[in-house]
Amino acid sequence: MTAFVVVLVTGILGLAGLGLDGGMALAAKVRAVGQAEAAARAGAQAVDLEGYRATGRIELVASAAVADAQSQLAAAGARGQVSVQDGQVVVAVTAIYDTRLLTLAGITQITVHAEARAAPRGGVNAPDP
């Protein structure tokens, strides 16, 4: 009877750990996606206005886009990498969730990653092609 109770309690704690820590890791992933998307949108606003007024073409100022996106990440308290590729701001965020119950099984952290891309678009009612 005692061995049965030990196995049963261990199983229940394992399932509770998966439920609690899995849910919290998923919440951390959703938060990281939101932070990456916000930073990418902030960076995509760094448009060369003089060039746009002269030629009508929308182009990013890469250094300003990276700085704006990094500033947004810092304001959100997130860690990540920012780059400009093919006229898009690319933001990759990494977050670490410290587990609560899964530490009993030796799993102390869960790392989540998120990536977002944004590009500047013109137009009032719809994006220009």
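The values are calculated or read from the model by the stated rules, or taken from the named source; none is laboratory data. No experiment lies behind these values; they were computed from the predicted model shown. Cβ atoms come from the backbone with ideal geometry, glycine included; neighbour counts cover every protein chain shown.
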- Message: Could you check the stretch 70-85 and list, in sequence order, the residues that are surrounded by 14 or more Cβ atoms within 10 Å (Cβ to Cβ) and not in a strand (DSSP E or B)?
- Response: GLN70, SER71, GLN72, LEU73, ALA76, ALA78
- Over the stretch 40-62, the set of residues over 30 Å from ALA28 (Cβ atoms) and either outside any helix (DSSP H, G or I) or modelled with pLDDT of 95 or more (or both) is VAL47, ASP48, GLY56, ARG57, ILE58, GLU59, VAL61
- Do you know which residues across the stretch 15-62 are in contact with a Phe, Trp or Tyr (Cβ under 6 Å, 6 or more places away or on another chain) and of a type in the set (Gly, Ala, Ser)? ALA25, ALA28
- Note on the structure: Per the filter on the stretch 18-40, residues within 15 Å of ILE107 (Cβ to Cβ) and crowded, with 18+ Cβ neighbours inside 10 Å are ASP21, ALA25, ALA28
- Message: Contact list please: Cβ distance under 6 Å, first residue in the stretch 77-104 and charged (D, E, K, R), second residue loosely packed, with under 14 Cβ neighbours inside 10 Å, pairs at least six apart or on different chains.
- Response: ASP98/GLN109
- Item | Matching entry among VAL66, VAL90 (being closer than 18 Å to LYS29 by Cα and either of a type in the set (A, V, I, L, M) or modelled with pLDDT of 95 or more (or both)) | VAL90
